[in-house]
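Worksheet: the structure to be examined is printed underneath.
The values are calculated or read from the model by the stated rules, or taken from the named source; none is laboratory data. Small disclaimer: the values here were computed from a predicted structure and weren't measured. We place every Cβ from the backbone using ideal geometry, glycine too, and count neighbours over all the protein chains shown.
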There are 2 protein chains.
Amino acid sequence: MPSFLPSWLANRPLVETVRLELALPHLNDNTGDLDRLRRELKQHGFDPVLFHPLRLNHVLRQIREGGFKVTAVLGWSECHWELIDLVAGFDESPRLAFAVDLGSSRLAFYLLDIEKREVIEQTSVSNPQIPYGEDILTRILFAREDGNRELLQRCLLDTFNRTTKEMIEGGGFSRDNVYAMSVAGNTTMSHFLLGLNPANICKEPYIPAVNRFPLFHARDLGLAIHSCAPVYVFPNVGSYFGGDLIAGILAAGMHRSEELSILVDVGTNAEVVLGNRDWLIACAGAAGPALEGGVVERGMMALPGAIDRVRIDPVTLKPSCHVIGEEKPVGICGSGLIDLIAEMFMAGILTIQGKLNTQIPSSRIAATADGPAYIVASADETADGRDLMVSDIDIGIFLKSKAAMYTILTVITSKVGLSFGDIGRFFVAGTFGNYIDPAMAIRIGMIPDLPLETYQALGNTAGRGAAMLLLDRGLLEDIERICSQITYVELNVNMELMNEFRGAQFLPHTDPRLFPSVQIPERALGAGTSDVKQRL
Amino acid sequence: MPSFLPSWLANRPLVETVRLELALPHLNDNTGDLDRLRRELKQHGFDPVLFHPLRLNHVLRQIREGGFKVTAVLGWSECHWELIDLVAGFDESPRLAFAVDLGSSRLAFYLLDIEKREVIEQTSVSNPQIPYGEDILTRILFAREDGNRELLQRCLLDTFNRTTKEMIEGGGFSRDNVYAMSVAGNTTMSHFLLGLNPANICKEPYIPAVNRFPLFHARDLGLAIHSCAPVYVFPNVGSYFGGDLIAGILAAGMHRSEELSILVDVGTNAEVVLGNRDWLIACAGAAGPALEGGVVERGMMALPGAIDRVRIDPVTLKPSCHVIGEEKPVGICGSGLIDLIAEMFMAGILTIQGKLNTQIPSSRIAATADGPAYIVASADETADGRDLMVSDIDIGIFLKSKAAMYTILTVITSKVGLSFGDIGRFFVAGTFGNYIDPAMAIRIGMIPDLPLETYQALGNTAGRGAAMLLLDRGLLEDIERICSQITYVELNVNMELMNEFRGAQFLPHTDPRLFPSVQIPERALGAGTSDVKQRL
């Protein structure tokens, strides 16, 4: 994984600090105090500067208290600077800012030192809206009742304030040291944060209330940072293409690259962007939950207790697992599932149709009420004392998801008349991207059979893009350009898609020529696979 | 007097109304509601438009309620438009705005219909700060005590709200119909209105807190008009050159004229601007109070009961007076005094030294404890049953003021190497300007002996300039240019000035060649005037 903040960022932070020594008043220079400040700011390239009327007396007092020596903090807005704060004298207290990944499941907070250009603290918390709706659609429906939208916003802002307060105090800082916040989230979450009505997002023709949000300030939302701090919320391109993905494109830098690249973000949906500096195309599909381990019976998020790595001895068929947190396992997360299925397939435990090969004599294969299942960890090895098993049904669900992912990738690439071979970089975003092993994902036919070095895990791209903007306001133009440039493709359920989808449910695919690097074990070619055998 | 709003104003009001029919949402156009509005506004030339975060939900509701037909009201700010309001449907309610002359004695309010481009109502009220200090310096000192500055601002804003409410309701309008306010006042009054500290205005080196005020909004000041209405307060050029005079220059149009012109505004001080479209020079001097009738014992403002016109029969020496409001007189205002002294001079009642000619046998000349006095109205003619007299002392005070005025005019003209003959237009601002008779003012040597058609009374130039800005935002650039162009000259008490001043205290002047049109009556050449006789 690359360093969190790329080195190509220009040193033009969203919020600038400048220390000024104003000319002293004199009979020959009767310029007013504020205009004296304005004149000096202009000489430093800050022009025009807007002053908040209700902060004027504070600003004027600081000028006199500092004996015309002041430290100014300025934020860039659409077409002007705004004076965020003015402090008497040459002030050396830290200049901080928060970048926030506003996920529908989790919120990730990054506290940055803008002058040192580094992340000094980060944390993530569960989205407090989950009790009102596990998925975003339920929350939108919930928000339709009187007062509920305010409730959803309130709980979000409370969590923001609780979390940022802990981080600020933990570092020995004050809320007044935090001069900016940037937030990247999907379209609905961004609406919730700003108290906007998301009702039309899920109703044809699926229009958000706002694509490009006006610049908010901390005071407008009651955020417990400097009251005049700008709060920049990433714009969206539509109901299904949110600011998190715009931030992801920024983080991947694909909009500046000559090379063709693809970005995949697996969350509630699988979101895919393909393009380069000249064009960008995007689409989204329901491939996510199963891949993240959310649908499979013993599936779970990549949290302590989750199996995230699996190897299976091809001879003994015994699995060896790695568990996050080095604990006894309670479930299996997305990357664990991918490993498991790839290894089961390679060991011949799974057929190319994704069925457990019951002809193999192994104590690991058990008969259950749901049909045959593979015991990943036996009762004495697990945290809850139950066998941790994966059934045919689980695998079937998972294969549908991996097929959806591969189909989306195929469709978007062919939409623009290209093939996978043209892709120079394949970025995988999210925690999911951090944990999956591309070699395993290729083996099960979830992602194209490209050289492994093509794949790059980017981690939290929403949080990273948001952090990058804090350090380089030039990215505001990038964002503007991305938004105007990107084409969002609606994936219609048509015949071509269905055929693709059916073939992709196999391991790795009904057309093994698509995965030349995958050696299909003889044992996996079980009954009913004669057509595949013939094609081989 | 010219029409209140000159015809050369461009039709680009400070606040624009535009009725829009937005494209309806469609699967092929998934632009957000707000962005749909923004796109349409841009097509109408409004770009960029800033939206107030806390008004966003109101705006979004109006778009949907109006079925994507809306009426937008926009205000121009430094480098962007701001959406003041959005109303569902095509709204035809009136678009109003207030122009305010923020005088230290009186506040004048003008209610304008911006679309019809006319003043629909006007009124003036006493400045509510007067109880805290008759003159501005007393108020500045009063404001130094804790809480007093807030008190002075509060009483001003309360008077604003009471007066505008009456005018709004009197016209059958609502406060939400009023979308802008522009205010022109002197530097100190503008500081008081905005709650800024004026303490440094009267302390060397005489620096205002602010020259160019940030744009306020009605909500910032609690003004009872539309809460998002911009409140534009005219900038000042220094402590002694306020926004009222900038507005005056606008109203006179002298900054756009090729011809050299001079503007005189008599208020607390006499303020003078000289120049044309290429340069402007200004100065101020303490010539005001006496000219406005404020110092002479029976002097008063030009209100009902004030004698404002006087003619004296040269044979009977009997005066005939006009009284404002056609009532019995209680005092005499500035224009009345000028008439009176000019007529007394012409009738030979006053000598060229400005002394009552006691050698003339007349029942109108009485001996009082203060020396001789002229009875303008006898006890039976006045409202208070007292003789209305003007004494030698009164006349002496008045002549000092008229001399100060003439001296200021002489000094400023000679400063730039010009003479009175170069002046093409002589504007006289203020109520004072409306009432004085230039022929009379010339006769007493208060203003230069120019052709009478050179003189033009402009009325309330501060109110007029403020009103003009509401109808033509292009004047913002004029204001900017005036402020950067104008040179303010400090009138130092030097020998040249003192000599000028001494000569100017005579009637019309010790050097009668400066007033060739004035026929000095033989009787006025009394004792001790031999040198003048010789020069004649």
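Note on segment B:232-241: among residues that are surrounded by 24 or more Cβ atoms within 10 Å (Cβ to Cβ) and at pLDDT 95 or above, the one that is farthest from residue B:75 (Cα to Cα) is B:236.
Only one residue in B:71, B:31 is facing another protein chain (nearest Cβ under 9 Å) and buried (at least 18 other Cβ atoms within 10 Å of the Cβ). Which one?
Details: B:71 fails: facing another protein chain (nearest Cβ under 9 Å).
Result of the check over B:71, B:31: B:31.
Kindly check whether there is at least one residue in segment B:430-439 that is in contact with a Cys (Cβ under 8 Å, 6 or more places away or on another chain) and under 30 Å from residue B:306 (Cα atoms). Yes - at least one qualifying residue is present in segment B:430-439. Selection of helices (runs of 4 or more DSSP H) fully inside segment A:133-245 by the criterion of at least 1 residues being basic (Lys, Arg), under 30 Å from residue A:285 (Cβ atoms) and touching a Gly at 6+ places or on another chain (Cβ under 6 Å) returns A:136-142. Among the residues of segment B:192-222, those that are free of Cβ contacts under 8 Å to residues at least 60 places away in the same chain, among the aliphatic types (A, V, I, L, M) and more than 8 Å from every other protein chain (Cβ to nearest Cβ) comprise B:199, B:218.
Which of the residues spanning segment A:139-187 are among the hydroxyl-bearing types (Ser, Thr, Tyr) and closer than 28 Å to residue A:249 by Cα?
Selection gives A:159, A:163, A:164, A:179, A:182, A:187.
Quick grid of which residues meet (1) surrounded by fewer than 18 Cβ atoms within 10 Å (Cβ to Cβ); (2) in contact (Cβ under 8 Å) with a residue 12 or more places away in the chain; (3) closer than 30 Å to residue B:199 by Cβ:
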residue: B:104; (1), (2), (3): no, yes, yes
residue: B:126; (1), (2), (3): yes, yes, yes
residue: B:134; (1), (2), (3): yes, no, yes
residue: B:142; (1), (2), (3): yes, no, yes
residue: B:147; (1), (2), (3): yes, no, yes
residue: B:150; (1), (2), (3): yes, yes, yes
residue: B:163; (1), (2), (3): no, yes, yes
residue: B:169; (1), (2), (3): yes, no, no
residue: B:172; (1), (2), (3): yes, no, no
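Give me a count of the residues in segment B:69-87 that are over 30 Å from residue B:155 (Cα atoms) and part of a loop (DSSP other than H, G, I, E, B). Qualifying residue count, segment B:69-87: 2. Taking segment A:1-28 as the search range and keeping residues that are exposed (fewer than 14 other Cβ atoms within 10 Å of the Cβ) and more than 12 Å from chain B (Cβ to nearest Cβ), which one is nearest to residue B:195 (Cα to Cα)? Result: A:21.
Suppose we keep only residues that are modelled with pLDDT under 90 and in a helix (DSSP H, G or I) within segment B:452-501. Which one would you say is surrounded by the fewest Cβ atoms within 10 Å (Cβ to Cβ)? Only one residue tops the list, namely B:495.
Inside segment B:38-68, residues that are assigned to a helix (DSSP H, G or I), more than 10 Å from chain A (Cβ to nearest Cβ), under 22 Å from residue A:238 (Cβ atoms) and not basic (Lys, Arg) make up a count of 3.
Inspect all residues belonging to segment B:291-305 and state whether any of them is farther than 30 Å from residue B:388 by Cβ, at pLDDT 85 or above and outside any strand (DSSP E or B). Write out each step before concluding.
Of the residues in segment B:291-305, the ones farther than 30 Å from residue B:388 by Cβ are none.
No, segment B:291-305 contains no residue that is farther than 30 Å from residue B:388 by Cβ, at pLDDT 85 or above and outside any strand (DSSP E or B).
Scanning segment A:200-226 for residues that are closer than 19 Å to residue A:103 by Cα and at pLDDT below 95 gives A:201, A:202.
If you go through segment A:28-83 and keep only what is touching an Asp or Glu at 6+ places or on another chain (Cβ under 6 Å), of a type outside the set (Lys, Arg) and in contact (Cβ under 8 Å) with a residue 12 or more places away in the chain, you end up with A:48, A:50, A:60, A:63, A:71, A:73, A:74, A:75.
Just one of (1) touching a helix residue (DSSP H, G or I) at 6+ places or on another chain (Cβ under 6 Å); (2) in a loop (DSSP other than H, G, I, E, B) fails for residue B:108. It is (2).
From the list B:318, B:328, B:355, the one residue that fits, being touching a helix residue (DSSP H, G or I) at 6+ places or on another chain (Cβ under 8 Å), of a type in the set (Lys, Arg) and surrounded by fewer than 22 Cβ atoms within 10 Å (Cβ to Cβ), is B:355.
Listed here are the residues, each with its yes/no results for (1) touching a Pro at 6+ places or on another chain (Cβ under 9 Å); (2) β-branched (Val, Ile, Thr).
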| position | (1), (2) |
| --- | --- |
| B:32 | yes, no |
| B:57 | no, no |
| B:67 | no, no |
| B:80 | yes, no |
| B:84 | yes, yes |
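Within segment A:88-99, is even one residue within 19 Å of residue A:39 (Cβ to Cβ), within 14 Å of chain B (Cβ to nearest Cβ), part of a strand (DSSP E or B) and not basic (Lys, Arg)? No, that holds for no residue. Of the residues making up segment B:1-37, those that are in contact with a Ser or Thr (Cβ under 8 Å, 6 or more places away or on another chain) and in a strand (DSSP E or B) are B:17, B:18, B:19, B:20.
Any residue that is farther than 26 Å from residue A:68 by Cα and within 14 Å of chain A (Cβ to nearest Cβ) - is there at least one of those in segment B:165-173? The answer is no, given that none of the residues of segment B:165-173 is farther than 26 Å from residue A:68 by Cα and within 14 Å of chain A (Cβ to nearest Cβ).
Any idea which of A:229, A:209 is surrounded by 23 or more Cβ atoms within 10 Å (Cβ to Cβ) and either basic (Lys, Arg) or within 29 Å of residue A:166 (Cβ to Cβ) (or both)? Being surrounded by 23 or more Cβ atoms within 10 Å (Cβ to Cβ) and either basic (Lys, Arg) or within 29 Å of residue A:166 (Cβ to Cβ) (or both) holds for just one of A:229, A:209, which is A:229. Out of curiosity, is residue A:271 modelled with pLDDT of 90 or more, more than 19 Å from residue A:138 (Cα to Cα) and either outside any strand (DSSP E or B) or not β-branched (Val, Ile, Thr) (or both)? No; evaluated as a whole, the condition is false for this residue.
Restricting to segment A:394-439, name every residue that is in contact (Cβ under 8 Å) with a residue 60 or more places away in the chain, assigned to a helix (DSSP H, G or I), over 18 Å from residue A:285 (Cα atoms) and under 21 Å from the mean Cα position of the chain (by Cα). Matches in segment A:394-439: A:431, A:434, A:435.
When you check residue B:122 against the structure, is it in contact with a Gly (Cβ under 6 Å, 6 or more places away or on another chain), surrounded by fewer than 22 Cβ atoms within 10 Å (Cβ to Cβ) and not aromatic (Phe, Trp, Tyr), yes or no?
No; evaluated as a whole, the condition is false for this residue.
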